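Below: one structure, written as C-alpha cells.
The values are calculated or read from the model by the stated rules, or taken from the named source; none is laboratory data. Given the structure is predicted, the values throughout are model-derived calculations rather than measurements. Positions of Cβ are backbone-derived with ideal geometry, glycine not excepted, and every protein chain shown enters the neighbour counts.
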Amino acid sequence: MYRNLTKQIRHFRLTDNSSWLNFQVASLYHSGSAYYGYRPKLVQDWKIPSHHLSARQSNRNLRALIEAYQSHGHRKASVNSIELSKVENVPELDALRYGLELSHKLPFLEGLVGFSDARLENIGDLIAKLDETYCQKVSAEFSFIESECEREWFAENFEKLLDEKLSITKEEKIKLATELLQFQEFDRFMNIKLPSIKRYGGEGSESTVAFFRKLLNLSGSEEIDTIVLGMPHRGKLNALVTLFQQRPAKIFRKYRGLPEFGNDVVAMMDITNHYNVSEDFDVGDNKKVHLTMLHNPSHLEAVNPVTMGKTRSKQQSLRDGAFNDDNAKEFGSEVINIQLHGDAAFSGQGMNQECLMLAYTPNFDIGGTIHLVINNQIGFTTPGDRGRSSRYSTDVAKSINAPIIHVDGNDPELVWLVTKLAFQYQRKFRKDIFIDMNCFRRLGHNELDDPTVTNPLMYKMIRDMKSVPDTYAQKMIDEGFMAKQEIDDIVKKQFDYYNSELQNVEQYQPEKSYFMKQWEGFVQAPNNLTVWDTGVDWSLLSYIGRQSVYYPKEFSIHPHIKKTFVNSRLKKLADGNAIDWATAEAFGVGSLMYQGHNVRISGEDVGRGTFAQRHAMLVDQETNEVVVPLNSMKGGLGGKYEVANSILSEEAVLGYEYGMSIDNPDNLIIWESQFGDFFNGAQILIDTFIASGETKWMRCSGLVILLPHGYDGAASEHSSSRMERFLQMTDSKETVPDGDDVNMHIIFPTTPAQYFHALRRQIIRNFRKPLVIIGPKTMLRMSEATSPYQDFQPGTNFKNVLPDTTVDPKNVKRVLLCSGKHYYSLVNERKTKNIQDTAIIRIESLCPFPVYDIHHELDKYKNAKTFIWSQEEHRNMGAWNFIHPRFENTCGRRIKYCGRNEAGTPATGVSSIHQKESTYVASQPFIM
C-alpha cells in the first residue's frame, strides 16, 4: 500500500543526468491552476431539462407546494421517538396557501417531483405522499444548497428513498438483525458480569450497526481502499467487538487492570473507550476494505481534524485525487473520511466549525466527509433545547451547504437507506453530508449515573420503550425471515462468546499494533542523547538554494522580491559565509525532497511567511498565479513540497497536521503559528494528542511546531511563544539526565545551521518525536545570526549546546547560560563594555536537557564561581523554572536568575518601559 520513501542517504553530489519534474503539475500553486496537492474542481455543465422547466412553469402553484415540503417538511417530521412536545404546525405546507384544493386532479408529475406513482390521482394523494416522504420517520434539509445541480439530484434521490426499502434483501435483513442483537448483547453481558464498569454503552443507538454495515459494503463496491474513522466513546466498545473484529478479551483484560501493550514498549496507556482499530474487512465478492479508527481522547470532537489529516496523508501515499497526474481522479477515490459525533458536542464545540471551514480549501480538501450524528438528544444532563440556540444540532453544517438527513434511529432499515443515499452523494459530489440519527441514551452519561434526577419525563418514556434490536428481531419473526429459536440462539452464542473471552483473559496476550506497515523499522527513542550526521554536500545545497528562488522566464516577479529576496539569496549563496534562516530552511526542505521525502508546511501566511522571510511561493504580478520554486528542482528522488496556507484556525489545522504526521513517518510535516502564542488556540490538541499520543497509544509523531518568539516591543500577544507551557508538559526528569525518549523535544536555536540540522534530524532518525522550535523573529534578518557554509557540510549535526569560543577560559569567573535571540543582546553588551571575565553558553536544546554537553562546557571554566541563567522573559515565564532544578540537581552548581520580574502577561504595551526592561536584562547579568 505504501511506497517506502525512507532513504538513509547522508551526502549528495549534484548529477547532470536527471530529468526535470513536470513544471505545470508540480509548481503552479494558486487556486486558478493545478499544482501539487491541489486541482480546481471541474465546473459541472448542468441545467434543469427544458421539459422539467416547462412543467414547473405550467404548474407553478403545485411546484411551490412541493418546494415547501422540500424546504419545511422536516419541521413536521416524526423522527424523534422521545419528543416531549408535539410536532409544530407548519403553515407553509397548507395546500390552500397555493390555491390548491385536495380534490384537484394531478398533472403528469415528471419534472415536478422525484417520485412517480400511478396511484396518485389528486392533490390530496400527492400531499399524503409528500407527508410520507418528508414528514414521517425520515426528513431532510437541502433547499439552502446553492448548487442547483446538487439540490435537484438530492431531491430526486431522497424522494425515491422509501421505495428503496423493497431492495433490502432477506439476507441483508438477517445479517442486520444478527449484528444488532450482538451489539446489544455486549451491553447486557456487561450489565451482568461487570456492572460497576463505566463503558458508555450503545443502548438506544444500536442502529449505528446499520450505518457501518451498509457503509462497509458500499465502500467495497466502489473499490475504496481505506476508510479513516473518528468516533467518540458512546457505543464504541460495542462496535469494537461486534463490527470491527476486535477480541473482547482485549477490553476485559483492561478491566482486570492489565496493560494493552506488551513489555517491549514504555507507555502509560489509556482507557478502553479510546482504543483504535486498524483492520482489513472482507466485504464480499473477494473485496477487502481497510478501516482505520483513530484513538480519541475524552475531549469530544478533538479527533475530527486528526482523521482529516490522516485521510489526506493516505491519499498522498496512494496518489489519490490531486496527488495523481490523472486529472479525472478526485479526492476520495481511494480513501474516504467518516466522522461520528454526539449531538451536544457537535453543536457545542467550535472545533467543528473550524473543520467544516477547512473542508474544501486547497491543500486540505479530502473529497468530502460522511458524518453521522448519534443524536441522544441530551448532553450529559442538559437536554437538547438547552444545549444550543438552533433547532438542530446539525445546523452548523449548513454553513458549507452540506445536506442533512434526519432519521429515526428506531428504524435500522431507514438508517441503512439514508446511509446509502449519503454515500452516493459523497461519491458524486465529493462533499460533506450529514445523517442526524435521532435516538436516545437508555442509561445516564455512564452506567453508574441516574438520569432521572435531571430528566424524569424523558426517561419515563425511555423506560417504556422496547430496544431497537429486540423490536427488529420481532419484525424478522413477523415477516417470516427468522424464527424465535434462531434469535435465542444468536443471543446465547454471543453471550457464551463474551463469557469465554472473559474467562480466558489471563491467557490473552495483546497483539502488537505499533511500528508496523509504513512504520516498520522505527523504534521508540532511546534513553540517551543520540547524534545524527545531518550535513549535506555544499554543491547540492548551493543548487537547492538557487532552485529555491527559481521562476520561469515568462513569470512576472514583484520587483522588490526580486531585489531583496531572489538576488540577495543568490548573492549569499555565491559568498557562502552568511546563510540566513530562510535559506537554511530551504536547504533543509530541499535536501529532504532530494532524498525522496515529501515536505508539507502549513499555517496562516506560511507561503510568504509572517515576517515576509520565506517566500516559498512566488506570485506572478500579471496573472496572480504562483510558483513553488523548490518543486521545479531536478534530480534526486522526487520528493514534493506542499505549501498550505491555512484558514485562520489553530486547533483544527494543528490537529490536521498531527493526523498527517502519525500516518507516514517518511514525510516531514511542519505547522507554523503566525505568532508564537497563537498555539494556545489549539491547546486541546497539544495536551491530548501531541504531548501524550505516544505514551497513551503508541502513536509516534515527528510533527514540527514553529513558534516565532522574541521580545521586540510587540506587547502581550506577539512576543512570547509561552515556551514554559511546553516545557511543563514534557516528562523531562529534574534529577537525572534526559534521553531522546522525552515526550517532546523543545529547542531554541540561535543559528540558521542549527535550524537546518533540526529539520533534517526529524526525518533521518529512526524514531519520531514532536519537535517544538522556539523560532526567530528579528533574528531572521540579524546579520550576526547567520551561518557559514561549513556549518552545513557533511559531518556536521545539531548541537545541544553551543560553546563560547571567544573568551579565555582561564579568565572566566562568571558563566551566563541562555537561549535564543537574547544571546545576541548579551554578546553585544559584553563587547560594548569590553568584559573579559564572562563566558556565554547557549543551551540550544531545552528538552531533552543536555546534561553531559553542559558539563563538558562548564568543565572548561575552572575559575568560574558564578553561574547565571539569563533570559528576556519574565521570571514566571520562559525556561527558568525548567532550567533551575535540572541545572542544580544534575550539574552540581548553584545558578542565579536574571531576567524580567514576575508578570501576569508576557510583555508590556508601553514602548518606554520595554526599552528600559531590555536594557536591564542585557546589562544586569554582568554585574550580579
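Can I370 be described as within 21 Å of the chain's Cα centre (by Cα), within 30 Å of S221 (Cα to Cα) and in a strand (DSSP E or B)? Steps first, answer last, please.
Values: within 21 Å of the chain's Cα centre (by Cα): yes; within 30 Å of S221 (Cα to Cα): yes; in a strand (DSSP E or B): yes.
In short, yes.
Could you list, in sequence order, the residues of the stretch 707-759 that are more than 19 Å from Y824 (Cα to Cα) and modelled with pLDDT under 95?
Listed by number, the residues that qualify are A715, S716, E717, H718.
Confirm whether G368 is touching a Lys or Arg at 6+ places or on another chain (Cβ under 7 Å) and more than 18 Å from H233 (Cβ to Cβ).
Spelling it out, G368 is indeed touching a Lys or Arg at 6+ places or on another chain (Cβ under 7 Å) and more than 18 Å from H233 (Cβ to Cβ).
Any residue at all in the stretch 718-727 that's aromatic (F, W, Y) and not in a loop (DSSP other than H, G, I, E, B)?
Yes, there is a match, as at least one residue in the stretch 718-727 is aromatic (F, W, Y) and not in a loop (DSSP other than H, G, I, E, B).
Write out, first by first residue and then by second, each pair whose Cβ atoms fall under 6 Å of each other, whose residues are 6+ apart or on separate chains, and whose first residue, in the stretch 120-135, is free of Cβ contacts under 8 Å to residues at least 60 places away in the same chain while the second is of a type in the set (A, V, I, L, M, F, W, C) and part of a helix (DSSP H, G or I).
From the stretch 120-135, the pairs are L120/L126.
Give me the pairs, please: first residue somewhere in the stretch 845-867 and farther than 12 Å from K810 by Cα, second residue anywhere and small (G, A, S) and in a strand (DSSP E or B), beta-carbon distance under 9 Å, and either six or more positions apart or on two chains.
D853/S845; E857/A839
In contact with a Leu (Cβ under 6 Å, 6 or more places away or on another chain), touching a residue at least 24 places away in the same chain (Cβ under 8 Å) and not basic (K, R): which single residue out of F429, F423 fits that description?
Answer to the selection: F423.
Enumerate the pairs (first residue in the stretch 317-331 and part of a loop (DSSP other than H, G, I, E, B); second residue anywhere and surrounded by fewer than 20 Cβ atoms within 10 Å (Cβ to Cβ) and aliphatic (A, V, I, L, M)) with beta-carbon separation below 8 Å, excluding pairs fewer than 6 apart on the same chain, so at least 6 apart or on different chains.
L318/M1; D325/V25; N327/A34
So how many residues does the stretch 629-646 have that are under 27 Å from I690 (Cβ atoms), assigned to a loop (DSSP other than H, G, I, E, B) and either in contact with a Ser or Thr (Cβ under 6 Å, 6 or more places away or on another chain) or among the basic types (K, R) (or both)?
Qualifying residue count for the region: 2.
Only residues that are basic (K, R) and either assigned to a helix (DSSP H, G or I) or not assigned by TED's automatic domain parsing to the domain that holds E857 (or both): list them for the stretch 873-928, please.
Once the filter is applied, which keeps residues that are basic (K, R) and either assigned to a helix (DSSP H, G or I) or not assigned by TED's automatic domain parsing to the domain that holds E857 (or both), the stretch 873-928 yields R886, K916.
Starting from residues that are in a loop (DSSP other than H, G, I, E, B) and among the polar types (S, T, N, Q), keep the ones in the stretch 274-316 and report whichever is farthest from K198 (Cα to Cα).
Here the answer is N286.
Can you tell me which residues in the stretch 49-91 are loosely packed, with under 14 Cβ neighbours inside 10 Å, closer than 21 Å to E141 by Cα and of a type in the set (A, V, I, L, M)?
Correct list: V87 only.
Checking the structure you have, find out if any residue of the stretch 883-896 is farther than 23 Å from G710 by Cα, of a type in the set (G, A, S) and out of contact with any Ser or Thr (no Cβ under 9 Å at 6 or more places or on another chain). Can you show your working first?
Kept after step one, since they are farther than 23 Å from G710 by Cα, are these residues of the stretch 883-896: 885-895.
Going one step further and asking which of them are of a type in the set (G, A, S), we end up with 892.
Still in the list and also out of contact with any Ser or Thr (no Cβ under 9 Å at 6 or more places or on another chain): 892.
Yes, that holds for at least one residue.
Looking at L457, L448, which is the one that is under 23 Å from R188 (Cβ atoms), loosely packed, with under 15 Cβ neighbours inside 10 Å and in contact (Cβ under 8 Å) with a residue 40 or more places away in the chain?
After applying the criteria, what remains is L448.
For the stretch 756-808, which residues satisfy the criterion of being in a helix (DSSP H, G or I) and either without any contact (Cβ under 8 Å) to a residue 40 or more places away in the chain or more than 32 Å from the chain's Cα centre (by Cα) (or both)?
R781, Y789, Q790, D791, F792
In the set L109, L126, L120, which member is over 35 Å from the mean Cα position of the chain (by Cα), over 19 Å from I405 (Cα atoms) and crowded, with 21+ Cβ neighbours inside 10 Å?
When all the criteria are applied, what remains is L126.
When the residues of the stretch 94-117 are filtered to those that are hydrophobic (A, V, I, L, M, F, W, C) and part of a loop (DSSP other than H, G, I, E, B), which remaining residue is nearest to A155 (Cα to Cα)?
Looking at residues that are hydrophobic (A, V, I, L, M, F, W, C) and part of a loop (DSSP other than H, G, I, E, B), I get V113.
If T751 satisfies all but one of (1) surrounded by fewer than 24 Cβ atoms within 10 Å (Cβ to Cβ); (2) of a type in the set (S, T, N, Q); (3) more than 15 Å from Q674 (Cα to Cα), what's the number of the condition it fails?
The one condition T751 does not meet is (1).
Within 30 Å of M928 (Cβ to Cβ) and buried (at least 17 other Cβ atoms within 10 Å of the Cβ) - does that describe any residue in the stretch 761-768? Working first, answer last.
Going residue by residue through the stretch 761-768, those that are within 30 Å of M928 (Cβ to Cβ) are none.
Checked against the condition, which is being within 30 Å of M928 (Cβ to Cβ) and buried (at least 17 other Cβ atoms within 10 Å of the Cβ), the stretch 761-768 yields no hits at all.
Take the residues of the stretch 197-254 that are in a helix (DSSP H, G or I) and of a type in the set (F, W, Y): which is nearest to K288 (Cα to Cα)?
F212
Starting from residues that are among the hydroxyl-bearing types (S, T, Y) and within 15 Å of the chain's Cα centre (by Cα), keep the ones in the stretch 658-673 and report whichever is surrounded by the most Cβ atoms within 10 Å (Cβ to Cβ).
Ranking the candidates gives S661 first.
Yes or no, residue by residue, for (1) crowded, with 19+ Cβ neighbours inside 10 Å; (2) closer than 30 Å to R600 by Cα; (3) out of contact with any Gly (no Cβ under 8 Å at 6 or more places or on another chain):
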residue	(1), (2), (3)
T272	yes, no, yes
S278	no, yes, yes
D282	no, no, yes
K288	no, no, no
L291	yes, yes, yes
V303	yes, yes, no
V306	yes, yes, no
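Which helices (runs of 4 or more DSSP H) sit wholly inside the stretch 444-551 and have at least 2 residues that are at pLDDT 95 or above and more than 31 Å from the chain's Cα centre (by Cα)?
Filter on the stretch 444-551 gives 468-478, 484-503, 538-547.
If we keep just the residues of the stretch 153-197 that are polar (S, T, N, Q) and in contact (Cβ under 8 Å) with a residue 40 or more places away in the chain, which is nearest to T242 (Cα to Cα)?
Q182
Considering every residue within the stretch 697-706, establish whether at least one is assigned to a helix (DSSP H, G or I), outside the structural domain of T361 (by TED's automatic domain parsing) and of a type outside the set (K, R).
Checking the stretch 697-706: at least one residue is assigned to a helix (DSSP H, G or I), outside the structural domain of T361 (by TED's automatic domain parsing) and of a type outside the set (K, R).
Within the stretch 516-537, is even one residue free of Cβ contacts under 8 Å to residues at least 60 places away in the same chain and either among the hydrophobic types (A, V, I, L, M, F, W, C) or in contact with a helix residue (DSSP H, G or I) (Cβ under 8 Å, 6 or more places away or on another chain) (or both)? It would help to see each step written out before you state the result.
Taking the stretch 516-537 as the starting set, the residues that turn out to be free of Cβ contacts under 8 Å to residues at least 60 places away in the same chain are 516, 520.
Okay, now just the ones that are also either among the hydrophobic types (A, V, I, L, M, F, W, C) or in contact with a helix residue (DSSP H, G or I) (Cβ under 8 Å, 6 or more places away or on another chain) (or both), so 516.
For the stretch 516-537, residues free of Cβ contacts under 8 Å to residues at least 60 places away in the same chain and either among the hydrophobic types (A, V, I, L, M, F, W, C) or in contact with a helix residue (DSSP H, G or I) (Cβ under 8 Å, 6 or more places away or on another chain) (or both): present.
If the Cβ limit is 8 Å and pairs must be 6+ apart or interchain, which residue in the stretch 908-928 that is surrounded by fewer than 18 Cβ atoms within 10 Å (Cβ to Cβ) pairs with which residue that is part of a helix (DSSP H, G or I) and not hydroxyl-bearing (S, T, Y)?
Going by the 8 Å Cβ cut-off, the qualifying pairs are S923/E829.
Go through the residues of the stretch 333-355 one by one and say whether even a single one is in a loop (DSSP other than H, G, I, E, B), in contact with a helix residue (DSSP H, G or I) (Cβ under 6 Å, 6 or more places away or on another chain), touching a residue at least 60 places away in the same chain (Cβ under 8 Å) and within 25 Å of M437 (Cα to Cα).
The initial filter retains those residues of the stretch 333-355 that are in a loop (DSSP other than H, G, I, E, B), namely 333-334, 349-350.
If we keep only those that are in contact with a helix residue (DSSP H, G or I) (Cβ under 6 Å, 6 or more places away or on another chain) too, we end up with none.
No: zero hits.
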